[in-house]
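The values are calculated or read from the model by the stated rules, or taken from the named source; none is laboratory data. All of these numbers come straight from a predicted model, not from anything done at the bench. All Cβ positions, even for glycine, are placed from backbone atoms using ideal geometry, and neighbour counts span all protein chains on display.
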Amino acid sequence: MNDQTLLNIIAAALEGRHIDLLKEVEKFYVELRENGEHELACLIAEKLKNINCKQTGIPEVLIHEGITDAGMPLHSGNYADYWDQLTDILPPDEATGQKQPEMHIKQFEFLVNECKLKTDELFLDIGCGSLRGTRLIVSYLNRGCFHGMDVSKKLLAYARQRVAENPEMAEKEPKFAHDDRFRFSKIFPGIAYNFAFAKSVMTHLFPESIWDCLVQLRRVIKPEGVFYSTIFKDNKVNVYRGDTRKTWYNTEWLKETAELSGWSLDEIGETRVGQYMCLFRPI
Ligand SMILES: C[S@@+](CC[C@H](N)C(=O)[O-])C[C@H]1O[C@@H](n2cnc3c(N)ncnc32)[C@H](O)[C@@H]1O
């Protein structure tokens with residue numbers, strides 16, 4: 001069966017609201033993602049995107065991934081395009097998360113009170129976005145200690161502007177850099193970090209990018225350093241499900257991947273930051 005025939009069958013299933021067939025589509029979709037066949041998976045998502053899932057009873061996995069929510073930009077296969085596109089249609093803080101005005105305070109309390117982040121520690125904010133969540137950390141740390149990186153140049157421009165407009169942040173001289181493959185040692189050469197943080201970033205990454213991030217970060221973390229990262233957990237899938245809009249991971253796979261790249265992984269679970277928190281330590 002070629003891709004077009006398959007897509008036509010899916011379209012017919014949708015027309016007739018054949019729920020059993022849709023369940024098969026769901027299984028097939030998850031398999032495609034797991035096998036790395038993102039292009040075909042995106043085509044299926046495209047076919048499904050204008051259907052109102054709640055009325056039609058389309059399987060949950062497709063609802064969760066926003067595939068059927070009309071209006072959500074489709075994953076284009078390129079992280080920068082996706083986040084830039086969202087930033088074009090939403091204010092930057094909304095493009096990078098939900099509207100939770102107090103979220104950055106909770107995040108600050110978690111990092112400082114619970115994780116014991118010290119003012120003189122070198123801090124790497126992976127996928128820093130607009131600084132929606134870490135703006136108080138910029139002001140808290142000593143001058144030059146905050147380093148933020150992101151794949152979206154538009155979000156980085158917003159982060160820089162936010163700093164320029166705020167004297168308390170500006171005097172801390174945070175550094176920002178763009179990269180699309182987590183090449184930390186290249187974008188911030190000669191630095192070893194005490195503390196790395198990724199809020200709501202692994203929740204949007206494919207497995208190969210998680211690997212890149214862990215391998216590259218392992219090269220620049222101090223032996224006693226820590227890496228806190230949030231994920232969405234789903235141990236019912238083999239590896240992961242979802243796409244750039246949202247990804248869920250099997251933590252057994254994540255633990256093995258961490259160990260292969262030189263990290264231990266502790267599942268902290270729910271925290272005041274929201275999402276499911278993981279703590280990686282170099283081994
Ligand atoms: C949901 S937002 C969270 C932003 C920020 N951490 C926060 O909590 O406000 C996800 C961020 O990850 C960034 N991102 C996604 N894929 C990335 C990649 N491969 N490399 C670096 N940053 C990435 C996006 O551009 C975006 O800023």
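Suppose the filter is within 15 Å of the ligand (Cβ to nearest atom), assigned by TED's automatic domain parsing to the domain that holds Leu136 and of a type outside the set (Lys, Arg); does Thr251 pass it? In short, no. Of everything listed in (1) closer than 21 Å to Glu94 by Cβ; (2) crowded, with 19+ Cβ neighbours inside 10 Å; (3) of a type outside the set (A, V, I, L, M, F, W, C), the single unmet condition for Tyr193 is (1).
What do you reckon, is Lys199 within 12 Å of the ligand (Cβ to nearest atom) and out of contact with any strand residue (DSSP E or B) (no Cβ under 8 Å at 6 or more places or on another chain)? Answer is no for this residue. Just wondering, is there one or more residues in region 264-276 that are aliphatic (A, V, I, L, M), within 13 Å of the ligand (Cβ to nearest atom) and assigned to a loop (DSSP other than H, G, I, E, B)? Within region 264-276, one or more residues are aliphatic (A, V, I, L, M), within 13 Å of the ligand (Cβ to nearest atom) and assigned to a loop (DSSP other than H, G, I, E, B). Scanning region 128-139 for residues that are small (Gly, Ala, Ser) and near the ligand (Cβ under 9 Å from one of its atoms) yields Gly129, Ser130, Gly133. Residues considered: Phe146, Phe176, Phe182. Of these, the only one that is in contact with a helix residue (DSSP H, G or I) (Cβ under 6 Å, 6 or more places away or on another chain), assigned by TED's automatic domain parsing to the domain that holds Asn238 and within 8 Å of the ligand (Cβ to nearest atom) is Phe182.
Evaluating Cys278 against the criteria (1) surrounded by fewer than 22 Cβ atoms within 10 Å (Cβ to Cβ); (2) farther than 30 Å from Leu43 by Cα; (3) not aromatic (Phe, Trp, Tyr) leaves one unmet condition, (1). Number of residues in region 195-234 that are touching a Lys or Arg at 6+ places or on another chain (Cβ under 8 Å) and either of a type in the set (Lys, Arg) or free of Cβ contacts under 8 Å to residues at least 40 places away in the same chain (or both): the value is 3.
Only residues that are modelled with pLDDT under 95 and either in a strand (DSSP E or B) or among the acidic types (Asp, Glu) (or both) were counted across region 195-232, and they come to 1. Screening the candidates Asp125, Asp120, Asp93 for the property of being within 9 Å of the ligand (Cβ to nearest atom) and outside any helix (DSSP H, G or I) yields one hit, Asp125. Candidates Ser139, Ser130: the one that is surrounded by 15 or more Cβ atoms within 10 Å (Cβ to Cβ), in the same structural domain as Thr244 (by TED's automatic domain parsing) and assigned to a loop (DSSP other than H, G, I, E, B) is Ser130. Any residue that is at pLDDT 65 or above, farther than 22 Å from Phe206 by Cβ and among the aliphatic types (A, V, I, L, M) - is there at least one of those in region 21-35? Yes, some residue in region 21-35 is at pLDDT 65 or above, farther than 22 Å from Phe206 by Cβ and among the aliphatic types (A, V, I, L, M). Just to be sure, is Gln55 away from the ligand (no atom under 16 Å from the Cβ), assigned to a helix (DSSP H, G or I), surrounded by fewer than 19 Cβ atoms within 10 Å (Cβ to Cβ) and modelled with pLDDT under 95? In short, yes.
Checked against (1) within 12 Å of the ligand (Cβ to nearest atom); (2) under 20 Å from Phe146 (Cα atoms), Ser209 meets all criteria but (2). Looking across region 159-194, the residues that are over 15 Å from the mean Cα position of the chain (by Cα), assigned to a loop (DSSP other than H, G, I, E, B) and either closer than 22 Å to Asp120 by Cβ or touching a residue at least 24 places away in the same chain (Cβ under 8 Å) (or both) come down to Asn166, Glu171, Lys172, Glu173, Pro174, Arg183, Phe188, Pro189, Gly190, Ile191, Ala192.
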